[in-house]
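Working notes for the structure below.
Every number here is computed from the coordinates shown, using simple stated rules; none is lab data. Source: prediction; values computed, not measured. Please note: Cβ atoms are built from the backbone with ideal geometry, for glycine as well, and neighbour counts cover all protein chains shown.
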Amino acid sequence: MDRIDVLADGFVHLDSAMADDLSVVNAARVSFGTRRDAMDERDEGLIGFLMRERHGTPFEHNAFRFHVRCPIFVMREWIRHRIGSFNELSGRYAKIDEAFYVPALEDVRTQVGKPGAYTFEAVDMETAERTRAAMEASYAASYAAYEAMLADGVAKEVARSVLPVGIMTEFWWTVNARALMNFLSLRNAEHAQREIRRYAEAVEALFEARMPVTHRAFLEHGRSAP
């Protein structure tokens with residue numbers, strides 16, 4: 001399984017990976033001029049030691065390349081994690097599809113409390129339905145304006161300005177396991193926004209499948225990147 005669907009119209013696809021637990025072991029053992037061809041219990045223990053003692057560089061000698069489709073507001077949170085490489089669909093060169101994020105009824109929520117200490121609670125069904133309808137109407141109006149501008153010959157790079165952050169975008173993200181664990185520690189966490197957390201859950205499932213020993217050590221040592 002290299003693709004996980006997220007939200008209504010999004011996904012996380014592991015396009016390619018040069019990553020396994022053995023890469024961590026051999027990156028660490030090169031200090032002693034040795035190399036392993038297969039993992040054993042001592043190597044699993046070494047990964048745990050590296051994680052516990054926060055010897056982080058051996059976790060950098062691998063690469064995951066993800067193809068992600070998500071709302072632009074999720075992408076804007078994602079690119080704050082600058083240890084990685086990003087390339088995004090360009091609205092300057094391609095017409096942007098009419099695809100927008102509308103939260104499920106149970107995901108329409110209110111925030112309670114002070115900045116930095118918010119809790120989020122579901123709203124009543126009538127409010128949720130009204131919110132979804134307002135979003136759909138706003139999306140339809142903005143996309144109609146976008147298409148009208150294109151029909152008038154306005155450049156794509158100008159016309160795209162009318163589109164909201166709820167529209168879907170796509171990007172490629174290449175990242176090593178150390179930086180990926182930093183992303184997961186922050187975005188697959190209780191305080192993260194619900195939408196990006198669902199993407200982070202998908203990323204973590206794909207990471208665990210490729211590097212199960214490293215992932216287990218990550219969990220055992222408090223979900224903190226080394």
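Mind checking the stretch 1-90 for trypsin sites (Lys or Arg not before Pro) that DSSP puts in a loop (not H, G, I, E or B) and that have at most 14 other Cβ atoms within 10 Å? The partial results should precede the final answer.
Details: sites: R3, R29, R35, R36, R42, R52, R54, R65, R69, R76, R80, R82; in loops: R35, R36, R54, R80, R82.
Qualifying residues, ordered by number: R35, R36, R54, R80, R82.
Convex hull over the Cα atoms of the stretch 78-186, averaged projected area in nm²?
Working: hull surface 36.2 nm².
So the Cα hull casts an average projection of 9.0 nm².
In the set (i) 1.00; (ii) 1.03; (iii) 1.06, which value of Rg/Rh (Cα atoms, Kirkwood Rh) was calculated from the structure you see?
The calculated read-out lines up with (iii).
Scan the chain and hand back the longest stretch that contains none of the chymotrypsin sites (Phe, Trp or Tyr not before Pro) lying in DSSP loops with at most 13 other Cβ atoms within 10 Å.
On the way: sites that count: Y93, Y118.
Value returned for the longest uninterrupted segment is 119-226.
How big is D, in µm² s⁻¹, for the stretch 30-132 by Stokes-Einstein at 37 °C and 0.692 mPa s if Rh is the Kirkwood radius over C-alpha pairs? Numbers along the way, then the final one.
On the way: Rh = 19.4 Å.
Reported coefficient: 169 µm²/s.
Can you report the principal axis dimensions of the stretch 1-75 using only the alpha carbons, biggest first, rounded to whole angstrom?
For the stretch 1-75, the Cα extents along the three principal axes come out at 48, 24, 19 Å.
Please get the size of the charge dipole for the stretch 105-162, origin at its Cα centre, with Cβ charges of +1 on Lys and Arg and -1 on Asp and Glu, quoted in debye to the nearest 20.
Numbers: 6 positive and 10 negative charges, 53 e Å.
The calculation lands at about 260 debye.
At a Förster distance of 22 Å, what's the computed FRET efficiency of D2 paired with H221, Cβ-Cβ distance as r, to 0.05? If you can, show how the numbers build up before the last one.
On the way: r = 27 Å, r/R0 = 1.23.
Efficiency for this residue pair is about 0.20.
List the relative contact order of the stretch 105-162 as a percent without decimals, with contacts defined as Cα pairs under 8 Å and 6+ residues apart. Intermediate values should be presented prior to the final figure.
Values: 38 pairs, mean separation 13.9, N = 58.
Worked out over the stretch 105-162, it gives 24 percent.
Using the crude model of +1 on Lys and Arg Cβ and -1 on Asp and Glu Cβ, and no other charge, please compute the dipole size for the chain relative to its Cα centre, in debye to 20.
Working: 28 positive and 34 negative charges, 174 e Å.
Around 840 debye, computed over the chain.
Given the rule -39500 (n - 2.57) for each run of at least 4 DSSP H residues, summed and divided by the residues of the chain, what is its mean residue ellipticity at 222 nm, to the nearest 500 deg cm²/dmol?
Values: 8 runs with 97 residues, N = 226.
Helix-only estimate at 222 nm: -13500 deg cm²/dmol.
Most mobile of E106, E44, E88 per a Gaussian network model of the chain (Cα springs, under 10 Å)?
Highest fluctuation of the listed residues: E106.
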